[in-house]
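This report refers to the structure that appears directly beneath it.
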Amino acid sequence: MKALCFGSLNIDYTYRVDHFVARGETLLSQGLQVFSGGKGLNQSIALSRAGAAAYHAGSIGTDGLFLLEELHQAGVNTDCVTVSREIRTGHAIIQNSPDGDNCILLYGGANQTITRDQIDEVLTHFAAGDVLVLQNEINELGYLMQQAHDRGLRIALNPSPMNDTVPDLPLDTVDWLLVNEVEAGQILGCGVTNGVAAARALREKLPHAAIVLTLGGEGAVYADGDCVFAQSAVPVRAVDTTAAGDTFTGYFLAAMLEGKTPQQAMALAAKAAAISVTRPGAAPSIPRREEVE
Ligand code: RIB
């Protein structure tokens, strides 16, 4: 069984700041590091490091070839990544504060040039029972979801970053919905004060999907037709929370695909995400399975 992550590949410019830059302010950063990132690339690497047969599809410019190298080194198949001479690779400008928090400005670049022909071609390499893993950093997501569903692929959707296109997606095709509390609040139209209640409310909106609601340092909640339970977070000192959610997603899905119970998958994902926040950067912070075990 293959896990196809069709998603973004970004060059992450991570600036160390003592506070997030405010409106009208000019702020001198305390340092810059360049990392491989993009929610898609991060989730592919997390899937692969967790042990899944991970395939990545997406688009980059020639300035992003080092992202392919990062994927190869993590064991991800990149045959379905398109490289264009005309377009720049997507990038992210990330401010990283002393408490490990971040805020992110995205430039879509090649991530926003996905074509329906490209989607059709990529899907010919996958079959019923394979899993499509999606975020919300590429265009043509609705078409991709419908085509994959029609071929019998199962769909895991992490609709991040949230925007007003998400309610128009064919959400009835989703088998796993993975959201944080902000995204859950936006889908539900109200703030999340109780994780279990919010996960139940999401199930009512997507009755065919299993729900994974991540709550940062407060842990996470899982809900499907059989069970609802909370998973506590592993307490650590955070250095950089970038890609913690991506690490959680990749590890959770990989464990489910290998036949673990939702309880085992959530516990493994919580440990992997905890390790990732103790290290700087996106992709480089994602741990290997042996470390997590
Ligand atoms: O989830 C973290 C990722 O969000 C970063 O790597 C950045 O590229 C943005 O896509």
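The values are calculated or read from the model by the stated rules, or taken from the named source; none is laboratory data. For clarity, every value in this text was computed on a predicted model and none was experimentally measured. Here the Cβ positions follow ideal geometry from the backbone for every residue, glycine too, while neighbour counts run over all protein chains shown. Just the protein is used for accessible areas: all its heavy atoms, side chains included, with ligands, DNA and RNA removed. Shrake-Rupley method; radii C 1.70, N 1.55, O 1.52, S 1.80 Å.
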- Task: Could you check LEU144 against (1) assigned to a helix (DSSP H, G or I); (2) over 20 Å from ASN42 (Cα atoms) and say which number it fails?
- Result: (2)
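Check whether at least one residue in the stretch 37-57 is surrounded by fewer than 24 Cβ atoms within 10 Å (Cβ to Cβ), within 16 Å of the ligand (Cβ to nearest atom) and assigned to a strand (DSSP E or B), and report yes or no.
Checked the stretch 37-57: no residue is surrounded by fewer than 24 Cβ atoms within 10 Å (Cβ to Cβ), within 16 Å of the ligand (Cβ to nearest atom) and assigned to a strand (DSSP E or B).
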- How many residues of the stretch 267-293 are farther than 19 Å from GLN231 by Cβ, open to solvent by less than 20 Å² (accessible area, probe 1.4 Å) and touching a Phe, Trp or Tyr at 6+ places or on another chain (Cβ under 8 Å)? The answer is 3
- Query: Given the residues THR62, THR89, which is the only one that is touching a residue at least 40 places away in the same chain (Cβ under 8 Å) and farther than 26 Å from LEU153 by Cβ?
  - Reply: THR89
- Scanning for something within 16 Å of the ligand (Cβ to nearest atom) and either touching a Ser or Thr at 6+ places or on another chain (Cβ under 7 Å) or not hydroxyl-bearing (Ser, Thr, Tyr) (or both), does the stretch 194-209 turn up at least one residue? no
- Query: Going through the stretch 72-114 one residue at a time, which ones are closer than 22 Å to GLY250 by Cα, in contact with a Phe, Trp or Tyr (Cβ under 9 Å, 6 or more places away or on another chain), open to solvent by less than 20 Å² (accessible area, probe 1.4 Å) and within 16 Å of the ligand (Cβ to nearest atom)?
  - Reply: VAL76, GLY90, ALA92, ILE94
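Kindly indicate which of TYR222, TYR251 is more than 15 Å from the ligand (Cβ to nearest atom), at pLDDT 95 or above and open to solvent by less than 50 Å² (accessible area, probe 1.4 Å). Give the steps one after another, and end with the answer.
Details: TYR251 fails: more than 15 Å from the ligand (Cβ to nearest atom).
One residue alone meets the criteria, TYR222.
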- Note on the structure: Being touching a strand residue (DSSP E or B) at 6+ places or on another chain (Cβ under 9 Å) and within 16 Å of ALA282 (Cα to Cα) narrows GLY37, GLY75, GLY100, GLY58 down to just GLY37
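So that you can scan it fast, the table gives a plain yes or no per residue for (1) open to solvent by 60 Å² or more (accessible area, probe 1.4 Å); (2) not polar (S, T, N, Q):
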| position | (1), (2) |
| --- | --- |
| ARG116 | yes, yes |
| GLN135 | no, no |
| GLN146 | yes, no |
| LEU153 | no, yes |
| VAL166 | no, yes |
| LEU169 | no, yes |
| LEU177 | no, yes |
| ASN180 | no, no |
